Structures are given as structure tokens and as C-alpha cells.
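Asks: The structure is given below, and queries will be raised subsequently.
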Amino acid sequence: MNIINSLKGDKIIWIVVLSLSIFSFLPVYSASSNFGVNLIFSSVFKHVAIIFIGILIMYATHLLDYKYLRGLSLIILPLVIFLLLITALQGNEIDGANASRWISIPIINISFQPSSLASIFLLIYVSNYLSKVHEKKINFNNSVFRLWLPILLVVMLVLPSNFSTSFMIFSLSLILIFIGQYPIKRIILIVFSGIILSGSFIVLSKTYPDLVPNRIDTWSNRIENFINPSMDNDSNYQINRAKAAIASGSIFGVGAGKSSMKYILPQSTSDFIFSIVTEEYGLFVALIILLLYVILLFRIVIVSQKSNNYFGKLLALAVGLPIVFQALINMGVAVQFFPVTGQPLPLISTGGTSIWTTFFAFGVLLSVSRNNASIMELDLSENVNE
């Protein structure tokens, strides 16, 4: 009971996050069976440990004053950009394809994705900047260096190895900047500039294929397969198996652990875990999961609206919207609403850095809601005393 009472902030967010996290043990255990008997328990144990550490990160973060993130973002964002540069230059390849998303820490032998940290701290930085210039006339020339340059650096450094993540970072930055009342004409100008830069990058990569090995072909193939799907096309293998898994699940599923597609569906514990969930537990449970993410979206907006601090309003959206959007994209890919992106399902898919970053984001969101509740209690006590 003391533990429950120590949980501050929006209780609905707590319930949804913990429910999805605990539920994830079941599909991860089932989908891990395609790794072989010897690796099932190690895979599940690793996932449980990562989730447990993530919950501790969320709990610790929600007790901190979110206003400290103003200064912290100014320190961490340059460091993360530096790590992105190192990651891009190391040029890792897997089966001939560019896979320079990871960076290793030599002494403790742990790898992580700087792009996960870059995404959240960039949006925190943008929130901080917009809150500072709020109710002031924004000078575009000054904002080029302080606002748009960090966004450009992060997007361009992530783009060669992960198009979908760079697109999400850029899109969410634009959404946040629009909400922050940045001049709409300037935003349109930036969008056109982004399109031109992206087009130039694609042309350059086509002209010099060694610049980004295999990535342009991968992106174009995914888009072509999405626009012109073919059941007999080998390049549609993943999405066809994912849709087959969903179809075989019907309304109430084939039963926990009884998925047949998990043995032949690549990335069944991460990118396509939603298909395994739908196959085993049915459309009914899949819709409940979708509903939980929609509830999270509503609570994120409510936390933002209740904040009496403009930085808090933007921050709640900055850390919360990417999680919901990523979840919707992941589920949309499984039913071919979107091209294959490689985005995991937050709180359910396996992972490491991405899971901890997600819990950190929820911790920040809960910190904003905790602050809102504290202010309301203070106002109430003052009214009673009067």
C-alpha cells in the first residue's frame, strides 16, 4: 500500500504503462521460442530485467522536478549529437547493409542506440527553446542556429542508417514547433527545404552507392512493395506472414503460446510482435491494446493542458506523442497501413535502449502531472485557509 501511495502523478498513466509492460512477458516468451529451447529463458529473463530497470528509471524520474530538464537538455543534446557522429563514422555493416545505429561501450561491453536518446532530448531541447521565446516576436535568423541547426544535425546523422526514425524526429519536431506557435510561413519554408535536402541526399546516394550501402534500395523497395503489394513477391515476405498471423488469430486467438507464425516471421519479438499478439489472443485483445494507447494519448493531452507552465505543456507533448505515434505506426505496419519501418511496439517489444528511453519519457510525463497535482493541492489548501 505504501508503494502505491508513493506513486505520484497521473494514476491512469501508471496503470496503462505497468499493464502493458507486464503483459509483454507473455508474447515475448512465446515469440522467443523460435530462438530454440536454450535461448528462450535467457531471452525472457533479459526482457524482464530490462523492464524492471525501466520501471525503476520511470519511478526515479517522476520524483524529479521536470524543470531541471531545461538545463540538462543543453548539456546532453551536444553529447548525443557527438555520439551520433561517431556512430555514423564507424560504418558497421551486417550482411553488406549499413547498420551503423549502435555504439559500444568497450569496458562494460554494452551497446546502445544514440538515436533513441537523440530523439527525446532534441524534443526536450525544442520545448525549452519554444517556451523561452513564447510571447516574444520570433526572429527567424536567430532561430536558425538555436532551433533549426540542432534538428538538422540530428536528422541528417540518423538518416543514413534509419530513415523511419529520422522522419519521425523531423515530423514530431515540426508538430511541436507548430504547437509552440512558431510562424507557419517559416515552417512551410523549412518543410520545402527538408524535401529538397532529402531529395539531394537520395540522388547523391544513387550516384555514389558506397556512400550509404544498400539503404536507399531498401527504402525504395519498401515503398514500392507498399504501393504495389504482391502476395508472390519475396520482398513482401515479412508483411505477408504478419497479415497471415493476424488473420489466423480471428476474434479470440489460437491461444497463448500457440502461434505458428512465430517460427517463420522475422523480428517476431520486436517489429512484428503485434502480429503474434493478435494471432495468439485475437482481435479482441489487439483492440484493447490499441485502446490503451489511445487512452495514453488522451492522458498526455490532459497532462499538457493542466500544466500551468508553458515548458511543462510542451514537454508533456514532446515526450508523450512520440511513444503513441510509434505504437500506431508499428500496429499500422502489421496490417499494411504503412510501409515496413522497423519501429518496435513501445512497452511490448523487446529492446534495450529504446525501452529505457520510453520509461524515461513516461517518468518525465509523470513528473509534469505530479507537479500539476501539487499546484492544485496548494491552491486548494490556500482557498480552505482563506
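Asks: Say we look at region 45-91 and pick out the residues that are at pLDDT 90 or above, aromatic (Phe, Trp, Tyr) and closer than 30 Å to Thr269 by Cβ; which of these is surrounded by the most Cβ atoms within 10 Å (Cβ to Cβ)?
Replies: Filtering region 45-91 for residues that are at pLDDT 90 or above, aromatic (Phe, Trp, Tyr) and closer than 30 Å to Thr269 by Cβ, the one surrounded by the most Cβ atoms within 10 Å (Cβ to Cβ) comes out as Tyr59.
Asks: Continuing with the same structure: Please go through region 256-280 and pick out each residue that is surrounded by fewer than 16 Cβ atoms within 10 Å (Cβ to Cβ) and β-branched (Val, Ile, Thr).
Replies: Matches in region 256-280: Ile264 only.
Asks: Would you say Gly312 is touching a residue at least 60 places away in the same chain (Cβ under 8 Å) and touching a strand residue (DSSP E or B) at 6+ places or on another chain (Cβ under 7 Å)?
Replies: no
Asks: For Ile12, work out the one condition from (1) at pLDDT below 90; (2) part of a helix (DSSP H, G or I); (3) under 20 Å from Ile302 (Cα atoms); (4) of a type outside the set (S, T, N, Q) it doesn't fulfil.
Replies: (1)
Asks: When you scan region 110-131, do you find a residue that is touching a residue at least 60 places away in the same chain (Cβ under 8 Å) and more than 30 Å from Gly351 (Cβ to Cβ), even just one?
Replies: Checked against the condition, which is being touching a residue at least 60 places away in the same chain (Cβ under 8 Å) and more than 30 Å from Gly351 (Cβ to Cβ), region 110-131 yields at least one hit.
Asks: Same structure again: Applying the selection to region 326-353, what residues are assigned to a helix (DSSP H, G or I) and either more than 12 Å from the chain's Cα centre (by Cα) or surrounded by fewer than 23 Cβ atoms within 10 Å (Cβ to Cβ) (or both)? Walk me through how you get there before you give the answer.
Replies: We begin by selecting, within region 326-353, every residue assigned to a helix (DSSP H, G or I); these are 326-334, 353.
Correct list: Leu328, Ile329, Met331, Gly332, Val333, Ala334, Thr353.
Asks: Those residues that are modelled with pLDDT under 85 and under 19 Å from Asn162 (Cα atoms), I need them from region 313-343; list them, please.
Replies: Passing the criteria: Phe338, Pro339, Val340, Thr341, Gly342.
Asks: With the checklist (1) closer than 18 Å to Thr350 by Cα; (2) crowded, with 20+ Cβ neighbours inside 10 Å in hand, flag the one item Gly253 doesn't pass.
Replies: (1)
Asks: For region 186-206, enumerate the residues that are more than 26 Å from the chain's Cα centre (by Cα), farther than 19 Å from Pro160 by Cα and surrounded by 14 or more Cβ atoms within 10 Å (Cβ to Cβ).
Replies: Arg186
Asks: Tell me which of these Ser164 doesn't satisfy, since it passes every other one: (1) in a helix (DSSP H, G or I); (2) under 15 Å from Phe311 (Cα atoms); (3) of a type in the set (S, T, N, Q).
Replies: (2)
The values are calculated or read from the model by the stated rules, or taken from the named source; none is laboratory data. Quantities reported herein were computed from a predicted structural model and do not represent experimental measurements. Counting neighbours? That spans all protein chains shown, and the Cβs are built from the backbone with ideal geometry, glycine included.
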